[in-house]
1. Near Trp233, within a Cβ-to-Cβ distance under 12 Å, what is the net charge of the other residues, with Lys and Arg +1 and Asp and Glu -1?
2. Where does the Debye-calculated log10 I(q)/I(0) of segment 115-235 sit at q = 0.10 Å⁻¹, using only Cα point scatterers of equal weight, no solvent?
3. Mind giving me the nanometre distance, one decimal, between the label points for His187 and Arg105, set 7 Å out from Cα along Cα→Cβ?
4. What is the calculated FRET efficiency for Arg131 to Arg173, with r their C-beta to C-beta distance and R₀ = 22 Å, to the nearest 0.05?
5. Along segment 79-87, what does the Karplus equation 6.51 cos²θ - 1.76 cosθ + 1.60 (θ = phi - 60°) give for ³J(HN,Hα), rounded to whole Hz, x for Gly and Pro?
6. Could you tell me the accessible area of Met221 in Å² (1.4 Å probe, neighbours in place), rounded to the nearest ten?
7. Would you kindly derive the ³J(HN,Hα) couplings of segment 174-183 from the backbone phi angles with the Karplus curve 6.51 cos²θ - 1.76 cosθ + 1.60 (θ = phi - 60°), listing them in order in whole Hz, with x for Gly and Pro?
8. Work through the residues other than Ala161 whose Cβ is under 12 Å from its Cβ and net out their charges, Lys, Arg +1 and Asp, Glu -1.
Amino acid sequence: MDTENPVRIENAGIRSVREIIMVSTMTPFFIALLALVASTFRTRAAQQAEIVALRHQIAVLQQSAPRRLRLRPSDRLLWIVLSRFWPGWRRWLRILKPDTVLRWRRRAFTRYWTRKSRRRPGRPGLAAAIRDLIQQMSQANFLWGAPRIHGELLKLGIQVAPSTVGKYLRQRRNPPSQTWRTFLTNHVKQMASMDFFIVPTATFRVLFVFIVLAHDRRRVMHFNVTDHPSEEWTAQQIREAFPWEAPKYLIRDRDGIFGCASTAQVTSGGRTHPRRLLVELW
């Protein structure tokens with residue numbers, strides 16, 4: 001008996017040392033997984049006793065723990081998974097705030113989709129010498145387009161796609177187009193507008209007022225009133241508004257009352273200016 005006790009004590013010491021080494025080298029993430037697996041083989045009373053002991057130790061650690069905890073990525077991953085599949089995780093969280101776990105979860109979601117949508121390598125790029133050759137051919141022959149340059153490259157034995165040639169063509173800058181504000185500023189003295197508006201009377205009649213307005217001084221050039229406007233009547237009003245010389249640009253809308261007779265009167269009729277332009281607005 002005396003010879004067996006030292007052996008047992010030595011084996012127990014070696015076993016405890018091994019357990020201490022295993023626990024110290026394992027991360028809390030794997031410890032939690034092993035505890036989950038081991039809890040399936042325990043009785044309910046043993047589980048409740050272990051929960052009470054762990055809660056007491058957590059409460060003691062919270063009172064004496066430092067203000068900032070250092071968690072590993074595996075610990076964060078564990079709480080992210082728990083927050084995803086466990087509805088009551090907020091109730092049992094003690095060492096962290098729930099907003100911190102939600103922030104980890106959003107950050108993991110962002111990193112996942114950033115990695116998933118990253119730019120993957122595609123076809124190999126075109127050689128710099130071929131790109132320079134395409135630009136030189138385009139600059140020397142400015143009337144050549146991508147199909148012509150592609151054909152010339154095929155004659156030289158260079159196999160490229162027409163879309164690739166169009167991609168590396170030198171882009172020519174066109175002069176900026178004139179804006180509507182610039183057009184109004186440059187031609188405001190040569191512009192006039194015509195339109196209809198209605199006026200209700202005291203006897204519940206509706207009168208249509210035709211008006212022609214000059215843009216330079218906002219001057220009323222001509223107006224007339226009728227209760228039954230027609231295309232011929234409108235053409236006659238245009239003739240009376242511009243008896244000798246009309247403005248170069250006349251602005252109107254697409255009302256059906258400005259029909260063929262009005263258009264003919266404006267563009268080439270009678271005493272109007274032959275260079276006048278009829279500008280139609282929606």
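1. -3
2. -0.62
3. Label at His187, label at Arg105, 6.3 nm between them.
4. Working from the Cβ atoms, E equals 0.70.
5. 6, 5, 5, 5, 5, 7, 10, 10, x
6. The accessible area of Met221 comes to roughly 60 Å².
7. Result, ordered by residue: 7, x, x, 6, 6, 7, 5, 5, 5, 4 Hz.
8. Charge balance in the 12 Å sphere: +2.
The values are calculated or read from the model by the stated rules, or taken from the named source; none is laboratory data. Since the model is a prediction, treat every value here as computed from it, not as a measurement. Here the Cβ is made from the backbone with ideal geometry for all residues, glycine too, and neighbour counts use every protein chain on show. Keep in mind that these areas ignore ligands, DNA and RNA; they rest on the heavy atoms of the full protein, side chains included. Shrake-Rupley method; radii C 1.70, N 1.55, O 1.52, S 1.80 Å.
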